[in-house]
1. Mind checking which pairs have a first residue in region 45-56 that is hydroxyl-bearing (Ser, Thr, Tyr) and a second that is loosely packed, with under 14 Cβ neighbours inside 10 Å, Cβ under 9 Å, 6 or more apart or different chains?
2. Within region 120-130, which residues are within 13 Å of Asp57 (Cβ to Cβ) and either part of a helix (DSSP H, G or I) or open to solvent by 60 Å² or more (accessible area, probe 1.4 Å) (or both)?
3. Tally up the residues in region 39-49 that are closer than 10 Å to Thr24 by Cβ and open to solvent by 20 Å² or more (accessible area, probe 1.4 Å), please.
4. How about region 2-34: which of its residues are modelled with pLDDT under 90 and exposed (fewer than 13 other Cβ atoms within 10 Å of the Cβ)?
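The values are calculated or read from the model by the stated rules, or taken from the named source; none is laboratory data. This one's a predicted model, so the numbers in the text were calculated from it and none came from an experiment. So basically every Cβ, Gly included, is an ideal-geometry build from the backbone, and we count neighbours across all protein chains shown. With ligands, DNA and RNA removed, areas are computed over all heavy atoms of the protein, side chains included. Shrake-Rupley method; radii C 1.70, N 1.55, O 1.52, S 1.80 Å.
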Amino acid sequence: MDGTEFGGAPATFTCDRYALAFFTADAGEVARRLPSPRLHPLRWFDGRAAMFVSALDVTIRIGELPPIRAAEMNVAAMVTYGRSQPLPVIPLIGVVKPPLVGGPVNNRDHPGQVYLAAFGTNRVDAEINRLLFGA
């Protein structure tokens, strides 16, 4: 996100501490919260949706403004895109991107992430998350 302009000046983000946790959740509940019916929760072997929560302590610098310190927590679902949901864990092949897998397979089965919630400790951080992630 470094270099993204906010208020006419480029921003830099320095992460002082970071934690990330992966977990699974009910795939139907996660699917209901996704912004498009073409997005499908990436499912683990047991059919549950793959999720993660990240927490970070960040310092944001925008142009000549004083540094802004914030803590934030983000909740995201791992997703795939397409008309139908792929088999559980098959999209993990897309992470490796072997040379023989590409085109439509890679477009459909390569996982991405959708932020379902973002929490920040101040208004600047919350506004930046809203602009970047729509959360």
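1. Ser54/Tyr18; Ser54/Ala19; Ser54/Leu20; Ser54/Ala21
2. Within region 120-130, Thr121, Asp125 meet the criteria.
3. Number of matching residues: 6.
4. Asp2, Gly3, Glu5, Gly7, Gly8, Ala9, Pro10, Thr14, Cys15, Asp16
Residue by residue, here is whether (1) in a loop (DSSP other than H, G, I, E, B); (2) in contact with a Ser or Thr (Cβ under 7 Å, 6 or more places away or on another chain) holds:
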{"position": "Pro35", "(1), (2)": "yes, no"}
{"position": "Ala55", "(1), (2)": "no, no"}
{"position": "Ile60", "(1), (2)": "no, no"}
{"position": "Arg69", "(1), (2)": "no, yes"}
{"position": "Ala77", "(1), (2)": "no, no"}
